[in-house]
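To start, the structure itself, in structure tokens.
The values are calculated or read from the model by the stated rules, or taken from the named source; none is laboratory data. If you're wondering where the values come from, they're calculated on a predicted model, not measured in any experiment. Positions of Cβ are generated from backbone atoms using ideal geometry, with glycine treated the same way; all protein chains shown enter the neighbour counts. Keep in mind that these areas ignore ligands, DNA and RNA; they rest on the heavy atoms of the full protein, side chains included. Shrake-Rupley method; radii C 1.70, N 1.55, O 1.52, S 1.80 Å.
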Amino acid sequence: MARTAALLAGPSALLAWCWLRLEQPPPGARAALWLILLAVAPALARSLRIRLALLAAASILALHTALHVWIVHPLRLLSRFSGGFLEFYDYRLPFAAASHPHMQGVILVALFASCAAVALAASARRPVLAASCLLVAAGWPATLLSGPDDLWRGAALLSSLLLLFVGLRERLFPRRLAAAVALGALAVAFGFEASGSSALASGQLLHWQNWDFYSKPVKPVAVEYAWNSDYRGLTFPKKVTTVLKIAAPEQATYWRATTLDRFDGNNWSEQAIPVRPRSAGGRDELTGDPELPAAAQGGVWIRQEVTVGAFRDDHLTGASVPVAYAPGPRRVFYAEGGVALLPDSTLAAGERYTVWSYEPHPTPRQLAELRPAYPAPLLGDELQVGPIARVPPFGTAARERRLAEFLSRTEALRPYRSVYAAARRVVGDPSSPYAAAVALEAWFRSGGKFHYDQHPAQMSGLPPLAAFVLQTHRGYCQHFAGAMALMLRLLGIPARVAAGFTSGVYDAGRHEWIVTDHDAHTWVEAWFPRFGWLPFDPTPGRGSLSGTYTTSSPRFDVAGALFALAQKVRRPGGLDLRKLHAPPVRFGVVDLGRGHRRSGSPVGAGLGSLLRLLALLGAAVLAFVVAAKLVRRGSRYLTRDPRRLAAACVRELADFLADQGTRLPPGATLRELAALAEELGASPSEFVAAASAARYGPPAAAGEAAASARRAFRTLRRELRSLLSRSERALGLVSLRSLGLG
């Protein structure tokens, strides 16, 4: 069984690598290691009946670990598992475990079940069955989410399969083992090289990720959106529907349909202030928009060719911020902020149009050095926090007093006095609007208080956004974006909610982005001199921006932001940017097979994580062996019977000799054990005499003889240890021979 335990270490680590990479960030190794031990330990028992009994007990513990429900509540257990399983049809992988705990539970259950299946097949010495279980259990999650480390996972899977085929044979011949290792290494190298060939890796054999357990018939759908805010709950449809295909550069961006500029004290809504376009070169240019910075007039514009899918809407969507459109024969109404609407129709499937966008990429230092100088149009609607209420701009004289009077004077806005107080606690007293914006964004995303929840509790007595900030701390993107935009306005910074879609999936073969209804999202836009409207995303676990100035970007320049803001904050606020950690991987695209790529950070544990997991697993196995031996030895002495105490000393001597590789005859007597100890150079005569007197002497003297036997055995054990090297003692400590597994 020692060989079985050693053979299962690699496949177990591989399965953990394949399953845990489906969530981002990956969970800690402690829960995974515990579940692997629960799955593997029953397989080390000698009889099938004991294995199954231990596996049943381990399954109860594993289900509680994964789903936090005991088996005595079967309906609750089934509800959590089925709910988490069906959520895989609603959310794009990798998912955020903090926002979807039931999905994480399903992943942990799958890890336990797959490790247990492989372990049981291996313990039965069924190499074909064990390899088949490993292939299915590792292949399923591998096809759900692809990444840059697919080749390494494939090589590790092939190596593990070959290891099971060779290692589970009854007898191992050194020459055959060496030949198998050589041929296996050659096969792994060939597979690694061939997998990069387009001729051999141009398709997928099994599309497991498309298996569907829903029984409802598939019907053609068209997606419609009401872009105004709604805080009553959000449910994505079960089926994923493509709404847009956008031919654009590979750099990830958000696709904006409209902006919600008006805040009436409860909700954000679209305002649509008209802008007259200028026709030039067959397109409508919005260069007359007063919100556009001067740099956008002659800057580089990014072109996008948009093809409409199942999207029934009256907005033209483009990368933020759109500055020109070529809508074709449609009549279009243009509004400030680059918004384009169809006044008398909606988009049809297959329709195409072209958008040009201005996308600045400032650094944190550049933004922190800007003075709060806003054009006149922004001092009106973009600082509105009520039906007719507008707050004083950032940096104006006596702003605190004027704002306090303003919030107290307006009855509908009094609940937001506490919201403003919360904003001040977060940002402190910054001398630049950027310092306030980046602090608020980081507070919502990683402050430890807020959680993504599509069905948050509805509170009475407070407006929805005030309840979100002050009480519930749970909501979806509309709560996060609406609250951050409101807090920025209360601080005197022009801000609004942007509505549209996150980047989607990039098809490198067609050079286009595939955007689905599950990518629908809202975020924040704040206005800065020289750069205009810049996006910030306060919603944790949803999308990622590309600019280095925002904490939602995998390329966020933490050092640059700290350096730029170090001399700008006069009074410390409620969040320390130094607590934020930039993602350890480069932002870009992740290959999803057949040319498809997902925007964001590469996922997967990587080879280093695999080695660390293997090391942790090995250390845990060794600790388990040592603990088992100590418990077994100690349990023998839980008696007052002197004859049984002497027998325990004899049994411990036998275990010590067995762990040092000494071959013990079946049913070895005390004299035979003493002879073997003498061969090692020890003198066991005193122990033999005392143990014999305790076991076979007069009952009246047995107690004193047993105590002498224990003292003599301790002396003998120290003597034996002194005759061994450190490495021999260490190997004996973790040897499985005394447990009957060698």
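Rounded to whole Hz and in sequence order, give me ³J(HN,Hα) for the range 340-355 from the Karplus expression 6.51 cos²θ - 1.76 cosθ + 1.60, θ = phi - 60°, writing x for Gly and Pro.
10, 10, 9, x, 10, 6, 10, 5, 10, 4, x, 5, 10, 7, 10, 10
Just need log10 I(q)/I(0) for the range 693-742 at q = 0.16, 0.24 Å⁻¹, Debye formula, equal scatterers on the alpha-carbon atoms, no solvent, rounded to two decimals.
For the requested q values the scattering log ratios are -0.66, -0.85.
Between His68 and Val300, with labels modelled 7 Å along Cα→Cβ, what's the label distance in nm to one decimal, could you check?
The modelled label-to-label distance comes out at 4.7 nm.
Could you let me know the centre-to-centre spacing of the range 418-451 and the range 472-536, using Cα atoms, in angstrom?
With the range 418-451 and the range 472-536 each reduced to a Cα centre, they are spaced 17 Å.
Under a Cβ-Cβ cut-off of 13 Å, what is the net charge of the residues other than Ala730 that fall near it, where Lys and Arg count +1 and Asp and Glu count -1?
Residues near Ala730 contribute +1 overall.
Quote the FRET efficiency, to the nearest 0.05, computed for Arg718 versus Leu75 with a Förster distance R0 of 51 Å and r equal to the Cβ-Cβ distance.
Working from the Cβ atoms, E equals 0.30.
Going by average Cβ density within 10 Å per residue, which order do the peptides 719-731, 237-249, 519-531 take, highest to lowest?
Ranking, from highest mean packing down: 519-531, 237-249, 719-731.
Where the centroid of each part is defined by its Cα atoms, how far is the range 122-146 from the range 27-63 in Å?
Cα centroid to Cα centroid, the span is 17 Å.
Treat each spin label as a single point 7 Å out from the Cα along the C-beta direction, and report the Glu679 to Glu250 distance in nm.
That separation, rounded to one decimal, is 6.7 nm.
From the phi angles alone, apply the Karplus equation (6.51, -1.76, 1.60; θ = phi - 60°) to the range 100-116 and give each ³J(HN,Hα) in whole Hz, x where the residue is Gly or Pro.
Along the range 100-116, the couplings run 9, x, 6, 5, 4, x, 5, 4, 5, 5, 4, 4, 5, 5, 5, 5, 5 Hz.
If I model a spin label at Leu733 and Arg390 as a point 7 Å from the Cα along the Cα→Cβ vector, what separation in nanometres do I get?
If labels sit at Leu733 and Arg390, their model points lie 7.6 nm apart.
Can you give the log10 of the normalised intensity I(q)/I(0) at q = 0.12, 0.16, 0.22 Å⁻¹, computed with Debye over equal Cα scatterers of the range 340-440?
-0.62, -0.87, -1.28
Name the residue farthest towards the positive end of the dipole of the range 274-427 from the options Thr410, Pro274, His315, assuming +1 on Cβ of Lys and Arg, -1 on Cβ of Asp and Glu, about the Cα centre.
Thr410
Which net charge results when you count Lys and Arg as +1 and Asp and Glu as -1 among the other residues whose beta-carbon is under 14 Å from that of Val109?
That sum, taken over residues with Cβ under 14 Å, equals -1.
Between Ile60 and Ala628, what is the FRET efficiency for a Förster distance of 22 Å, r being their Cβ-Cβ separation, to the nearest 0.05?
Taking R0 as 22 Å, the efficiency between Ile60 and Ala628 is 0.60.
What is the packing order of peptides 547-559, 411-423, 106-118, taking the mean over residues of other C-beta atoms within 10 Å and listing the highest first?
Order by mean packing, descending: 106-118, 547-559, 411-423.
Accessible area of the range 266-409 with a 1.4 Å probe: how many percent of it is carbon plus sulfur?
Of the solvent-accessible surface of the range 266-409, carbon and sulfur hold 53 percent.
Apply 1/(1 + (r/R0)^6) to the Cβ-Cβ distance of Ala280 and Arg409, taking R0 = 30 Å, and write down the FRET efficiency to the nearest 0.05.
That gives a FRET efficiency of 0.05.
Give the long-range amide H neighbours of Leu244: residues separated by 5 or more places, or on another chain, with amide H under 5 Å away, using H modelled in the peptide plane at 1.01 Å from N.
Sorted by chain and number, the residues that satisfy this are Gly309, Val515.
Quick check on packing: order 30-43, 50-63, 659-672 by the mean number of other C-beta atoms within 10 Å, highest mean leading.
Most protected by this proxy first, the peptides run 30-43, 50-63, 659-672.
Let's see if you can work this out: charge +1 on each Lys and Arg Cβ, -1 on each Asp and Glu Cβ, no other charges. What is the dipole magnitude of the range 422-573 about its Cα centre, in debye to the nearest 20?
The calculated dipole for the range 422-573 is roughly 680 debye.
Over the range 219-370, average the accessible area per residue using a 1.4 Å probe and give it in Å², no decimals.
44 Å²
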